[in-house]
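Each remark here refers to the structure printed beneath this line.
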Amino acid sequence: MKVVAIGGGTGLSSLLRGIKHLVPEKISDLSAIVTVADNGGSSGRLREEMQIPAPGDIRNCIVALAEDEDILAKVFQYRFKEGEGLKGHSFGNLFLSVLTKITGDFLDAVEITSDILKIKGRIMPSTDQLVDIVAQFTDGAVIKGETQITEYGKKLKGKIKKIWMEPENVSAPEEAVEKIKNADVIILGPGSLFTSIIPNLLVNDIKNAIIESNACVVYICNVMTQYGETDQFTASDHIKALHKVVKKPFIDIAVVNTTAPPDELIRKYMKENAEPVTADIGNISRLGITVYAEDLLDTGSYVRHNPEKLASTLVKIFGKLKGKNAA
């Protein structure tokens, strides 16, 4: 299977951490296409000061796909706790930034870093240009920047009505487009709907390649709603939002969690105005989408997908697809 995973944030890196063990037995070719629209934290500072695409999500994905997450991978994730100008930065972000300046090309910097960590696959940004996402809320406010959109959403003055990218006509790396067009399976998510997944689809080259591809498109829905962005969204609401951006139904399979988190964790998240995403399986099926509804939860102090459980579900999907192709 040739697999392309698209997204950003902790969701995509968690997925990659689980499925890298399927290379090369189940996955012959694995690629990840990552958003670079982040403008907060270390990534945002480096982006602003050095005029390079945001490196943070790329760094996390490279480390996740590292053949062995040994001391070198830990070095790349190290975050400085002190030092004027250094505090808050991760070593990996600085390394990618320096390589970009030396080579003059962000794509080369990502490839060299991937080679150093001996990753099991390919990592590419959805664009190597400086971009911002812009959202219009139902109260009429127009907010620019990933971090600013998230913060404005938390004020609960309105919901996201429309989202776009500035500049609008940025290009995607040719290799990313080719990987999508030749894929057997394209995986979207898990991750923040409006700030991790949709920004990739706002790059027209990426969106059009997905539409033109004969790949099976799998969407892994978040397990929790996100305060100020997907409040009260069901699983089918997430899918409808993706279809709205692409302007046509394109998702073939939806993977949804059916297990409720422990009560103490639900209470913790509800204090932050987040709650479990309702797996409205009937509504998803009515959209013509095949549903895999399973226990996907990790055990711990956060409500997240378990990488191994996700990988196990994807193996089932790959098996069904191979069976169909053989028939």
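FYI, it's all coordinate maths here, none of it is from the lab. This structure is a prediction, so every number in the text was calculated from the model and none was measured. Glycine also receives a Cβ, built like all others from the backbone with ideal geometry; neighbour counts cover every protein chain displayed.
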Legend entry - Positive-end residue of 223, 152, 289, charge dipole of the chain with Cβ unit charges: 289
Legend entry - Charged-residue dipole, Cβ positions (Lys, Arg, Asp, Glu), region 39-125 about Cα centre, Debye nearest 20: 200
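Which of the residue pairs 74/101; 207/240; 120/159; 74/268 have a Cα-Cα distance greater than 27 Å in the structure shown?
Working: 74/101 23 Å; 207/240 16 Å; 120/159 39 Å; 74/268 29 Å.
Among 74/101; 207/240; 120/159; 74/268, the Cα-Cα distance tops 27 Å for 120/159; 74/268.
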Inset, instruction - Kindly flag which residue pairs out of 20/316; 271/309; 161/248; 155/271; 181/322 have an alpha-carbon separation exceeding 20 Å in this structure. - result: 271/309
Legend entry - the chain - share of DSSP beta bridges that are antiparallel (%, nearest 5): 35
Inset, instruction - Return the long-range amide H neighbours of residue 161 (sequence gap of 5 or more, or a different chain), with a cut-off of under 5 Å between placed amide H atoms. - result: 136, 137, 138
Legend entry - Qualifying GluC sites (Glu not before Pro) in region 24-95, DSSP loop, other Cβ atoms within 10 Å at most 11: 25, 82, 84
Legend entry - 5 angstrom amide H check on residue 39, placed H, neighbours 5+ away: 146, 147
Inset, instruction - Please arrange 198, 112, 119, 211 by counting, for each residue, the other beta carbons lying within 10 Å of its beta carbon, fewest first. - result: 211, 112, 119, 198
Legend entry - Radius ratio Rg over Rh of the chain, counting only Cα atoms, Kirkwood formula for Rh: 0.94
Inset, instruction - Identify, among 270, 249, 307, the residue whose Cα sits farthest towards the positive end of the charge dipole of region 232-327, taking +1 on the Cβ of Lys and Arg and -1 on the Cβ of Asp and Glu, with the dipole about the Cα centre. - result: 249
Legend entry - Under the Karplus curve 6.51 cos²θ - 1.76 cosθ + 1.60, θ = phi - 60°, whole-Hz ³J(HN,Hα) for region 51-67, x wherever Gly or Pro sits: 6, 10, x, 4, x, x, 5, 4, 4, 4, 6, 4, 5, 4, 8, 4, 4
Legend entry - Dipole of region 39-125, positive direction: furthest Cα of 88, 60, 114, with charges on the beta-carbon: 88
Inset, instruction - Please state the charge dipole magnitude for the chain, taken about the Cα centre, from unit charges on C-beta atoms (+1 on K and R, -1 on D and E), reported in debye and rounded to the nearest 20. - result: 760
Inset, instruction - Give me the number: length gained by fully extending residue 174 to residue 159, i.e. 0.36 nm times residue separation minus the C-alpha to C-alpha distance, one decimal in nm. - result: 1.9 nm
Legend entry - R0 of 25 Å, Cβ-Cβ distance residue 316-residue 267: FRET efficiency to nearest 0.05: 0.15
Inset, instruction - Pull up all non-local amide H partners of residue 122: gap of 5 or more, or a different chain, and H-to-H distance under 5 Å with H placed in the peptide plane. - result: 30, 31, 32
Legend entry - Euclidean distance of C-alpha centroids, region 28-52 and region 94-131, integer Å: 10
Legend entry - Compactness of region 39-125, expressed as Rg and Dmax over alpha-carbon positions, Å: 12.1, 36
Legend entry - Inter-site label distance for residue 227 and residue 293 at 7 Å from Cα along Cβ, in nm: 2.9
Inset, instruction - Find out how many positive minus negative residues lie around residue 43, taking Lys and Arg as positive, Asp and Glu as negative, among other residues whose Cβ is under 14 Å from that of residue 43. - result: -2
